[in-house]
Each structure stands twice: as C-alpha cells, then as structure tokens.
Amino acid sequence: MKLTNYLLKATLTGALAILLSPTYAFAQAQAPAVQQHDLTSKVRHELVMLPYFTIFDNLGYRVDGSTVTLLGKVTRPSLRQDAERVVKNIEGVDRVQNEIEVLPLSPFDSRIRWQEARAIYGFPTLNRYGMGTQPSIRIIVENGHVTLEGVVNNQADKNVAGIRANGVPGVFSVTNDLRVGS
C-alpha cells in the first residue's frame, strides 16, 4: 500500500512537472517583452512630465534592451539635458544616447511658432487638439521651415492643420508629418 502511494505521488509529481515546464518556459520567454514594454512606458511617462516640454518641442525615443536613444528637436538646451537626466534615472536603463537636436535661437522662428499655434489651435475644427496638458499637435520651426508632428483623429483634421500652417506669413515650407490615429 505504501509503495503504491509512493509510486502514485511520484507519477503525479512527474506529470505535473512535465505539464508546468512549458508554462514556465513560456513565462520566462515573455518576461523580457514585458520588461521592454514597462521600460518603454516609463520612458514615455518621464518625457511627457518634463516641466518645460511645450507644443514647440518634439521628443521621441527608441528602447533597445537597456539602452534608450533619445530623438527629436527642442527649443531649449536645458530640455535636452533634462530629458537625458530623467531617463538615466529610470530603473532598468543602463545607457542613454542623446540625439536630441536643439533648434537655433531666432526671433523670426519664435514669431512663426506663435503664429502657427494661433492659426492651428485657434481654428474651431482643431482647437480640441490644444486641450489638456500635452496637446497632440507639435509645431517644430527651424529656420522658417515648419514641421507638424503628432496625432489627429482623421485625415480631414490632418489636411486642415496643413492648410492652416501653410497660411502663416513668412513660412518657407510646411511638412505635415501628422499621423491619423485614435
């Protein structure tokens, strides 16, 4: 009787180990993907929480393992440094490559930035994109050339934003890189 109970327990334990081993291996394989997603969302959170991040700045990033590459264009050199500093302090980040470009200081570009903001966010169809702490349309002005970045709800809004941006006097060109999403 004792031998039978022992054999039964051993058989059940072995069968359980066989059944759980693929689950364990699957969980182990999923861990890096989950960690990558967590790291990506932490980086995004830290960047959008920067105090001087405005509609005239565009920050992007790429996460490769524990290395984060910062991308984009900003109007303040301090924002470039702040972005690197906050990302370096995230748990799981071992290395930060800062490829953020600081836009040249120019009263001409500053005037265009504000005129673009009024033309886009002041238009009734587009003013909803200016609400909230981080508006979804970014206006990047470099030497009189305007680039629109961000996300809008539909193709019509993207087209209207491009038309409004083209209507600002003194602008040399407009690149409409807005993405249509939800």
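The values are calculated or read from the model by the stated rules, or taken from the named source; none is laboratory data. For clarity, every value in this text was computed on a predicted model and none was experimentally measured. Cβ coordinates were reconstructed from backbone atoms using ideal geometry, including for glycine residues, and neighbour counts include every protein chain displayed.
Some points to look at:
- Every residue from the stretch 126-165 that is over 15 Å from ARG113 (Cα atoms) and either assigned by TED's automatic domain parsing to the domain that holds MET49 or in a strand (DSSP E or B) (or both): GLY150, VAL151, VAL152
- Residue list for the stretch 42-53, restricted to those being buried (at least 17 other Cβ atoms within 10 Å of the Cβ) and without any contact (Cβ under 8 Å) to a residue 40 or more places away in the chain: LEU50
- Condition check for GLU84 on (1) closer than 17 Å to GLN134 by Cβ; (2) of a type outside the set (Lys, Arg); (3) within 15 Å of the chain's Cα centre (by Cα); (4) surrounded by fewer than 19 Cβ atoms within 10 Å (Cβ to Cβ): one failure, at (1).
- Scanning the stretch 54-83 for residues that are in contact with a helix residue (DSSP H, G or I) (Cβ under 7 Å, 6 or more places away or on another chain), among the β-branched types (Val, Ile, Thr), free of Cβ contacts under 8 Å to residues at least 60 places away in the same chain and under 19 Å from GLU142 (Cα atoms) yields one hit, VAL74.
- Matching residues, the stretch 60-86, being among the charged types (D, E, K, R) and either under 10 Å from LEU47 (Cβ atoms) or in a strand (DSSP E or B) (or both): ARG62, ASP64, LYS73, ASP82
- Of all residue pairs spaced 6 or more apart or on separate chains, those with beta-carbon atoms under 7 Å, a first member in the stretch 112-129 that is farther than 15 Å from ASN166 by Cβ and a second member that is surrounded by fewer than 19 Cβ atoms within 10 Å (Cβ to Cβ) and among the aliphatic types (A, V, I, L, M) are THR125/VAL160.
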